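Enquirer: Quick one: this structure, given as structure tokens, is what I'll be asking you about.
The values are calculated or read from the model by the stated rules, or taken from the named source; none is laboratory data. Treat the numbers as computed from the prediction; the structure is a model and nothing was measured. Note that we place each Cβ from the backbone using ideal geometry, even for glycine, and neighbour counts take in every protein chain shown.
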Amino acid sequence: MTTGAVSAGLFLHIDEILAFPAPKTVAAIDMPIGLTEAGPRACEKSARILLGRPRSGSVFPVPVREVLGAGSYRQACRIGKTADGRKVNRQTWNIVPKIREVDAFLGANHAYRKSVYEAHPELSFLHWNSGKAMEHSKKTKQGRAERERLVKSFFGARYAAAREGLPRAGWSMDDFLDAFAALWTALRVARGEAVGIPVTPQRDCRGLRMQIVS
């Protein structure tokens with residue numbers, strides 16, 4: 001698998017993808033797509049099993065759809081507890097605004113439902129690494145090195161060139177490497193080589209895929 005030029009930039013909101021025509025775009029994002037009315041999504045459960053401990057901890061429990069309407073963490077916990085007996089953990093609550101944003105975008109822009117895929121960097125790195133999960137946390141020096149080895153082996157000089165195009169602030173190295181994992185996955189989707197869990201995607205009440213690709 002080969003690729004052309006690679007560039008990097010900071011995108012604060014998903015609607016910036018509108019600059020790229022839907023039929024010609026494949027985007028892999030590290031954000032939940034598709035929400036259940038109750039209970040966990042099958043793709044999350046499968047992802048944790050594939051990753052094993054300790055990388056399985058990187059797969060956050062995705063809230064039920066009703067939580068998107070919560071105005072506070074306390075209210076979100078009440079909703080989750082009532083809906084399926086699960087409170088919302090703090091890490092998940094912190095990304096609820098972005099989950100809400102992605103959900104609203106795909107609800108309003110149906111053409112992008114076939115262009116935007118949910119990915120998870122640790123799952124991408126696992127498949128990139130011949131089915132073996134990363135040994136170290138991405139926040140450590142060793143974790144950065146093992147992920148960077150994969151990225152450099154595939155993207156070569158384009159990895160450093162993409163980094164030069166970024167501003168000095170507003171991003172971290174682990175996020176940068178995660179972005180390359182998502183890019184690697186998007187390339188696999190475009191070539192029909194990606195692996196999806198589950199293989200046949202489930203759909204939520206709005207018709208959105210509940211599937212993680214890598």
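Enquirer: Residues being surrounded by 16 or more Cβ atoms within 10 Å (Cβ to Cβ), modelled with pLDDT of 95 or more and under 16 Å from the mean Cα position of the chain (by Cα): count how many of those fall in region 196-214.
Expert: 9
Enquirer: Out of the residues in region 35-78 that are more than 18 Å from the chain's Cα centre (by Cα) and among the polar types (S, T, N, Q), which is surrounded by the fewest Cβ atoms within 10 Å (Cβ to Cβ)?
Expert: Going through the qualifying residues, I end up with S72.
Enquirer: OK, next. Do the conditions hold for K81, that is, is it touching a residue at least 60 places away in the same chain (Cβ under 8 Å) and surrounded by fewer than 20 Cβ atoms within 10 Å (Cβ to Cβ)?
Expert: Numbers: touching a residue at least 60 places away in the same chain (Cβ under 8 Å): no; surrounded by fewer than 20 Cβ atoms within 10 Å (Cβ to Cβ): yes.
The answer is no for K81.
Enquirer: A further question follows. Please identify the pairs in which a residue from region 2-30 that is over 19 Å from R158 (Cβ atoms) and aliphatic (A, V, I, L, M) has its Cβ atom under 7 Å from the Cβ atom of a residue that is modelled with pLDDT of 95 or more and part of a helix (DSSP H, G or I), counting only partners at least 6 apart or on another chain.
Expert: I14/E101; I14/V102; I14/F105; I17/Y112; A22/A111; A22/Y112; I29/A182
Enquirer: If we scan region 63-82, do we find a residue that is under 22 Å from W171 (Cα atoms), modelled with pLDDT of 95 or more and of a type outside the set (F, W, Y)?
Expert: At the first step, the residues of region 63-82 found to be under 22 Å from W171 (Cα atoms) are none.
The answer is no; no qualifying residue exists.
Enquirer: Quickly run through region 195-214 and pick out the residues that are in a strand (DSSP E or B) and small (G, A, S). Explain how you work it out, then say what you get.
Expert: Quick first cut of region 195-214, residues in a strand (DSSP E or B) only: 196-203, 209-213.
Once the filter is applied, which keeps residues that are in a strand (DSSP E or B) and small (G, A, S), region 195-214 yields only G196.
Enquirer: Restricted to region 85-124, and to residues that are over 26 Å from F20 (Cα atoms) and among the β-branched types (V, I, T), which residue is nearest to the chain's Cα centre (by Cα)?
Expert: This residue is T92.
Enquirer: May I ask you to list pairs of residues, at least six apart or on different chains, whose Cβ atoms are under 9 Å apart, with the first in region 47-67 being free of Cβ contacts under 8 Å to residues at least 60 places away in the same chain and of a type in the set (D, E, K, R) and the second being in a loop (DSSP other than H, G, I, E, B) and buried (at least 16 other Cβ atoms within 10 Å of the Cβ)?
Expert: That search, which allows pairs on different chains as well, returns R48/V59; E66/L35.
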